[in-house]
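See below for the structure under consideration.
The values are calculated or read from the model by the stated rules, or taken from the named source; none is laboratory data. This is a predicted model, so every value here is computed, not measured. Here the Cβ is made from the backbone with ideal geometry for all residues, glycine too, and neighbour counts use every protein chain on show. These area figures cover heavy atoms from the full protein model, side chains too; ligands, DNA and RNA do not enter into them. Shrake-Rupley method; radii C 1.70, N 1.55, O 1.52, S 1.80 Å.
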Amino acid sequence: MFSPFDPFRWSLAHGRHLELGPRGILMAIVNVTPDSFSDGGRFDSADAAVARAILCLEEGAEIIDIGGESTRPGAASVSAAEEQDRILPVIEALAGTTDAIISVDTYRAETARLAVAAGAHIVNDVHGLQREPDIAAVAAQSGAGLCIMHTGRDREKRPDVVEDQYLFLGRSLEIARAAGVPREAMVLDPGFGFAKDADENLELMARFGELYGFELPILAGTSRKRFLGAVTGREAADDRDAGTAATTALLRMAGAAVFRVHDVAINRDALAVADAMLSARRRVAAREAQGETPAR
């Protein structure tokens, strides 16, 4: 039976890997865009994006996720050439000057190929391989790690949030396996906020454990999402970092392995507390297994 807290060796491009399971891992968001919902325009030059990425590494991120096209609802699409012009210099600079694990946030197969060639280790596809299925072959051929995200956009969803996860991600995994992507390269993302209302997002959190039927680690991307604003009353995305940290702690306790966030520092602290609690839980379970009973 799959346990999300057991070690899972996530295989990445360029001979790298990460151990997932025993502790939470932070993936920092760096959007090289003018229009992303939270930080669009702040890091839309290569120099600014690289500086932001280095700060995130210093604050505790282990993965830097570089994106060149906004995924917010209603965002204008960009050409593949424009996306590549935005992100490739950033990836090349980070690969040449840091030891960071670099992820490319794209659904385009050619962008993914060029990004891995420039030094990226992970391909993060918010369309779950179903917009450009050839992206799976890029991951397989390059040895890149692959984040496969669920989305409800542009399709009819099943009424049950978990059933819809299995419907969509099941198809995504068929594409990945047919392309030759090995299990050890894959991580799943339930796609919080992508065509899901507040109640659906909260139910997905409450039923998070049901996703381990896939027998793969789970990445959680709740950072500054609109449903957190609905819960907390915080209208501005930048004001939702405390709410994000709360979901990070809760989802870590539920077994999530990787956390894609804007504010690294606050989520690092949330993970530290959650991982300390998980360690305490394991110690208590070990004592009980040896027949020890707590003092009354």
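A compact table of results
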{"read-out": "Most mobile of Arg86, Arg224, Arg16 in a GNM of the chain (Cα contacts under 10 Å)", "value": "Arg16"}
{"read-out": "Rounded to the nearest 20 debye, dipole of the chain from Cβ charges on Lys, Arg, Asp, Glu", "value": "780"}
{"read-out": "Point-to-point label distance, Ala117-Asp85, nm (Cα→Cβ direction, 7 Å offset)", "value": "1.9"}
{"read-out": "In degrees, nearest ten, helix 264-289 long axis to first principal axis of the chain (Cα)", "value": "30"}
{"read-out": "Overall form of the range 215-296 per C-alpha gyration tensor (a/c, 1.5; a/b vs b/c)", "value": "prolate"}
{"read-out": "Check: the range 213-296 dipole with +1 on Lys, Arg Cβ and -1 on Asp, Glu Cβ, in debye", "value": "160"}
{"read-out": "1.4 Å probe accessible area per residue over the range 233-296, in Å²", "value": "55"}
{"read-out": "Among Asp125, Asp99, Asp154, residue whose mean-square fluctuation peaks in a GNM of the chain (springs only between Cα atoms under 10 Å)", "value": "Asp154"}
{"read-out": "Cα long-axis angle, helix 80-97 against the chain (0 to 90 degrees, to the nearest 10)", "value": "60"}
{"read-out": "Surface accessible to a 1.4 Å probe, Leu88 within the full protein complex, Å²", "value": "30"}
{"read-out": "Percent accessible area from carbon and sulfur atoms, the chain, protein chains only, probe 1.4 Å", "value": "50"}
{"read-out": "The chain: most fluctuating residue of Ala120, Ala220, Ala246 per GNM, C-alpha cutoff 10 Å", "value": "Ala246"}
